[in-house]
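Asks: I'd like to ask you about the structure that follows.
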Amino acid sequence: GNSVTQMEGPVTLSEEAFLTINCTYTATGYPSLFWYVQYPGEGLQLLLKATKADDKGSNKGFEATYRKETTSFHLEKGSVQVSDSAVYFCALSAFNYGQNFVFGPGTRLSVLP
Amino acid sequence: DVKVTQSSRYLVKRTGEKVFLECVQDMDHENMFWYRQDPGLGLRLIYFSYDVKMKEKGDIPEGYSVSREKKERFSLILESASTNQTSMYLCASVGEEKLFFGSGTQLSVL
């Protein structure tokens, strides 16, 4: 079946540090890939997405590129801020009797001033 | 903006109680989902629905049921709450090929 693996947290960085959160997936067919973010006390919200190989999703300084050859969708940001502290979830969606989503376990990021 | 509203932010119940978690979306989405979120396990799908009165089991349906009498409303029911159902419950609907989430209900079963 479809699955998503992402790096275990927590990740602690200083402000302005470079961020990478690794994500790899297993899926049949051609899934769409997503990064969702959950700020403290809130539900998840979409951060970025990519729908086909070599697509780059970007938002709020975050980027991720859909790499079909390595089945990866790593999240990067060049300079993190304290306000980026949150839990980040990698996810895929595939159409299998309707659209279905599979999530990774989440990576907690803490950014220190 | 799409709004997915969950009726309670925090809920405390006793073992054996019947619990209803309500979710309403305002964008006429057909597909709705219930997930539970536990530390280290991410989101696990409990049930989903693609249409009114239609439901499908997700990965962990045991101990839960759902109801979808109207398109905008998707309810999760714990028939007899147990302590291992203490968790964060997230409702979502699908539009534009992406999920829109409610803010979650933190349920504690004592």
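Asks: Using a Förster distance of 25 angstrom, determine the FRET efficiency expected from the C-beta separation of B:S67 and B:T15, and round it to 0.05. Before the final figure, lay out each step's value.
Replies: Details: r = 22 Å, r/R0 = 0.90.
It comes out at approximately 0.65.
Asks: Under a Cβ-Cβ cut-off of 13 Å, what is the net charge of the residues other than A:G104 that fall near it, where Lys and Arg count +1 and Asp and Glu count -1?
Replies: On the way: positive: A:R108, B:R44; negative: A:E8.
Net charge around A:G104: +1.
Asks: Also: Once you put a point 7 Å from the Cα of A:K56 and another 7 Å from the Cα of B:K53, both along the Cβ direction, what distance in nm separates them?
Replies: 5.1 nm
Asks: Can you give the charge dipole size of the range B:64-110 about its Cα centre, rounded to the nearest 20 debye, using +1 on the beta carbon of Lys and Arg and -1 on the beta carbon of Asp and Glu?
Replies: On the way: 5 positive and 5 negative charges, 17 e Å.
That gives the range B:64-110 a dipole magnitude of about 80 debye.
Asks: A further question follows. For chain A, set up a Gaussian network in which alpha carbons nearer than 10 Å are linked by springs, and say which option among A:S58, A:S83, A:S72 fluctuates the most.
Replies: A:S83
Asks: From the backbone phi of the range A:37-54, what are the Karplus-calculated ³J(HN,Hα) couplings (6.51 cos²θ - 1.76 cosθ + 1.60, θ = phi - 60°) in whole Hz, Gly and Pro given as x?
Replies: 10, 10, 7, x, x, 10, x, 7, 9, 5, 9, 6, 8, 9, 10, 8, 4, 6
Asks: Shifting gears a bit: Could you tell me how many cubic angstrom of Cα convex hull volume chain A has per residue? Present the calculation step by step, with values, prior to reporting the outcome.
Replies: Numbers: hull volume 10.6 nm³, N = 113.
That works out to 94 Å³ per residue.
Asks: As a test, work out the antiparallel percent of DSSP beta bridges whose residues both lie in the protein assembly as shown, rounded to the nearest 5. Present the calculation step by step, with values, prior to reporting the outcome.
Replies: Working: 73 of 81 bridges.
Given both bridge residues lie in the protein assembly as shown, the antiparallel proportion sits at roughly 90 percent.
Asks: Charges on Cβ only, +1 for Lys and Arg, -1 for Asp and Glu, centred on the Cα centroid of chain B; of B:S82, B:W34, B:Y64, which one is farthest towards the dipole's positive end?
Replies: With unit charges placed on the Cβ atoms, the residue in question is B:S82.
Asks: Evaluate 2.2 N^0.38 Å with N set to the residue count of chain B, then give the Cα radius of gyration divided by it.
Replies: On the way: Rg = 13.0 Å, N = 110, 2.2 N^0.38 = 13.1 Å.
So chain B has a normalised radius of gyration of 0.99.
Asks: Also: Which percent of Cα-Cα pairs in the protein assembly as shown sits in each 10 Å bin, short to long?
Replies: P(r) over the protein assembly as shown, rounded to whole percents: 8, 33, 35, 19, 4, 0.
Asks: Distance in nm between label sites at B:T83 and A:A17, each 7 Å beyond Cα in the beta-carbon direction?
Replies: Distance between label points: 3.8 nm.
Asks: On to the next question. Taking only Cα atoms and a 10 Å spring cutoff, compute GNM fluctuations for chain A and point out the largest among A:K68, A:K60, A:K77.
Replies: Most flexible of the set in this elastic network: A:K60.
Here, each number is a calculation from the coordinates, and none is a lab measurement. Note that the structure is predicted; figures quoted are calculated from it, not measured. No Cβ is skipped: glycine too gets one built from the backbone with ideal geometry, and neighbour counts run over all protein chains shown.
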